[in-house]
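The structure appears below as structure tokens.
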Amino acid sequence: MSLNPYLTFDGNCEEAFKTYEKVLGGKILAMMPHEGTPAAEHVPAEWHKKILHARLQIGDDVLMASDAPPGRGEKMQGFSVTLVLKDPKEAERIYDAFAEGGTVTMQLQETFWAHKFGMLTDRFGTPWMINCEKPMAA
């Protein structure tokens with residue numbers, strides 16, 4: 001079994017996933033527009049190039065997404081995509097990249113459980129937690 005977050009965007013899925021691919025060092029495995037699929041007849045013509053399904057491989061993990069058709073999108077809330085990193089410098093790099101144009105909820109900082117932990121919503125509306133944990137006591 002695997003557990004893969006599926007995000008919905010308001011028309012900027014392609015831009016978001018290209019950014020995530022670059023920042024997270026992943027690889028986009030799918031970026032399928034509505035155009036050329038049976039789904040195209042269910043969205044306005046100006047929406048045909050918007051993304052019906054995207055898949056981003058990041059290590060052994062997968063992040064998937066699409067553009068919600070007009071009038072069907074909802075703000076992403078009530079969850080966060082959490083990245084667990086080993087390197088505090090890498091945590092800072094990713095946090096800084098996602099904070100650019102986004103909204104910071106909690107500055108990246110040391111906590112009692114983490115070398116670095118921070119929360120933000122990026123400019124695409126995705127909520128993130130960046131966590132660089134300290135070793136846990138047995």
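Before we move on, is Gln77 surrounded by fewer than 18 Cβ atoms within 10 Å (Cβ to Cβ) and within 14 Å of the chain's Cα centre (by Cα)?
yes
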Inside segment 83-120, the number of residues satisfying the requirement of being of a type in the set (Val, Ile, Thr) and either in the same structural domain as Lys50 (by TED's automatic domain parsing) or surrounded by fewer than 12 Cβ atoms within 10 Å (Cβ to Cβ) (or both) is 1
Looking across segment 116-138 at residues that are part of a strand (DSSP E or B) and of a type in the set (D, E, K, R), the single one that is nearest to Glu92 (Cα to Cα) is Lys116
Answer yes or no: is there a residue in segment 100-119 that is touching a His at 6+ places or on another chain (Cβ under 6 Å) and modelled with pLDDT of 95 or more.
-> no
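Taking the residues in segment 2-19 that are of a type in the set (A, V, I, L, M, F, W, C) and surrounded by 14 or more Cβ atoms within 10 Å (Cβ to Cβ) as candidates, determine which candidate is farthest from Gly71 (Cα to Cα).
Per the criteria, the residue is Phe17.
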Say whether the condition of being among the acidic types (Asp, Glu), surrounded by 15 or more Cβ atoms within 10 Å (Cβ to Cβ) and out of contact with any helix residue (DSSP H, G or I) (no Cβ under 7 Å at 6 or more places or on another chain) is met by at least one residue in segment 20-40.
-> yes
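The values are calculated or read from the model by the stated rules, or taken from the named source; none is laboratory data. The model shown is predicted, which means the values in this text are computed figures rather than measured ones. Heads up, the Cβs are rebuilt from the backbone with ideal geometry, glycines too, and the neighbour counts pull from every protein chain shown.
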